[in-house]
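The values are calculated or read from the model by the stated rules, or taken from the named source; none is laboratory data. Quick caveat, the model's predicted, so the values are computed rather than measured. When we count neighbours, we look across all protein chains shown, and the Cβ atoms used for this are built from the backbone with ideal geometry, even at glycine. SASA here: full protein model, heavy atoms, side chains in, ligands and nucleic acids out. Shrake-Rupley method; radii C 1.70, N 1.55, O 1.52, S 1.80 Å.
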Amino acid sequence: MKQFHNNFWMTFSVYVYQRLSFILPAEFRLNYGRDMSQVFRDCCRRAYLRKGNVGVLGELVAGTFDLLINAVRAGITALIDDNRRMLVLLMISMVGTGAGAYAAFADLQGNEWPGPIFMVVIFTFALGFLRPSSSWLTGLLIGLMFPVMHFVARNKGWEIAHPTGGSSPYWASLALIPALIGSTFGAVSRSVLDHIVSRFEQ
Amino acid sequence: MKNQNTNDDRSITLTPTIFHILVVLSGGDRHGYAILREVEEIAEGKAKLGPTTLYRSIKTMLDGKLIQELDERPDPELDDERRRYYRLTDLGAKALSDEVSRLESLLKVVRKNSILIDNRRIAF
């Protein structure tokens, strides 16, 4: 049987692997670093018994590659987790702003007010239902896009086919009412649905 | 494949590595190196698991309550008492059972239909 207790390449490989493991997240390394080193040492022993020093060096290369790949994955996962909430909020804001701008533009172009208001209610209800925790934000954004678009239209001199014959950002602010009603109903509907589903699952 | 964890609203993606580890642990409690070796055995050398991948998967499974770490340590004369042993939980057994059922039904369809390999129809 081959002797591996004082084998230089084995000691070297385990030493390098332990040093390299410092690229892993600290919490993970503290919890599992010792176990990983022990398993790596066991793998090196087996490789030495099968292929000698070449096997040990092969194990070092494979172990290092495995470590690097996982360090990158752990880094990406941590980055995504940290920024996920911010990204979702940003996306919701963009969708809300876009939907609000579309409805407000329809309001500026059309002679009938129920159409744009219906759009506002549908958009805010849908976004509030999809993400109840941000319903207030989507309601505000969509509602506020009306006075903003009217303000822009008035200052840029856009042709407006509005029932009032002009553009009034103050009157357009009334769009906040259906917007907030729609988002609240969306959030409440989601809450009711979740409650019913959880009761059904029990 | 997602395993719905009803305890804390998190779901675990059943990766091939996690699936293999669940299969190994369905045979009884194992420590890390034993899991690694058995995964290689059941994969017939087609999959090699590194120590870092192994323990990252173990951490994911512990977080998802698919497995649990055992408090008791082995007899020092029989094994290294520093080794940590892991056991399949009920949730882990259910996840494994669900995945095996899913694979079985897929296999049935493949066997029934036969498949195309290199433009030749192969029947199983």
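I'd like the full set of residues that are within 14 Å of chain A (Cβ to nearest Cβ) and either surrounded by 13 or more Cβ atoms within 10 Å (Cβ to Cβ) or modelled with pLDDT of 70 or more (or both), limited to segment B:81-122.
We begin by selecting, within segment B:81-122, every residue within 14 Å of chain A (Cβ to nearest Cβ); these are B:81-86.
The answer is B:ARG82, B:ARG83, B:ARG84, B:TYR85, B:TYR86.
Applying the set (1) assigned by TED's automatic domain parsing to the domain that holds A:LEU193; (2) touching a Phe, Trp or Tyr at 6+ places or on another chain (Cβ under 6 Å) to A:GLU112 leaves exactly one unmet item: (2). Return yes or no: is A:LEU68 out of contact with any Pro (no Cβ under 7 Å at 6 or more places or on another chain), within 14 Å of chain B (Cβ to nearest Cβ) and assigned to a helix (DSSP H, G or I)? When the stated conditions are applied, A:LEU68 passes them. Contact list please: Cβ distance under 6 Å, first residue in segment A:43-69 and more than 10 Å from B:GLY50 (Cα to Cα), second residue part of a helix (DSSP H, G or I) and open to solvent by 20 Å² or more (accessible area, probe 1.4 Å), pairs at least six apart or on different chains. Between residues of segment A:43-69 that are more than 10 Å from B:GLY50 (Cα to Cα) and residues that are part of a helix (DSSP H, G or I) and open to solvent by 20 Å² or more (accessible area, probe 1.4 Å), the close pairs are A:CYS44/A:GLU59; A:ALA47/A:GLU59; A:ASN53/A:TRP9; A:GLY55/A:TYR48; A:VAL56/A:TRP9; A:VAL56/A:TYR48. Against the numbered list (1) in contact with an Asp or Glu (Cβ under 7 Å, 6 or more places away or on another chain); (2) surrounded by fewer than 23 Cβ atoms within 10 Å (Cβ to Cβ), B:GLU38 comes up short only at (1). The C-beta contact set for segment A:187-202 (first residue in the same structural domain as A:PHE129 (by TED's automatic domain parsing), second residue in a helix (DSSP H, G or I) and among the hydroxyl-bearing types (Ser, Thr, Tyr), distance under 6 angstrom, 6+ apart or interchain) comprises A:ALA187/A:SER135. For segment A:192-202, the candidate set comprises residues that are more than 13 Å from A:LEU130 (Cβ to Cβ) and assigned to a helix (DSSP H, G or I); within that set, the residue that is most open to solvent (accessible area, probe 1.4 Å) is A:PHE200. For segment B:42-60, the tally of residues that are more than 8 Å from chain A (Cβ to nearest Cβ) and on the phi < 0 side of the Ramachandran plot stands at 7.
Among the residues of segment A:41-58, none qualifies, meaning not one is within 12 Å of another protein chain (Cβ to nearest Cβ), more than 30 Å from A:ILE177 (Cα to Cα), surrounded by fewer than 16 Cβ atoms within 10 Å (Cβ to Cβ) and among the β-branched types (Val, Ile, Thr). When restricted to residues that are in a loop (DSSP other than H, G, I, E, B) and acidic (Asp, Glu), segment B:13-62 contains 2.
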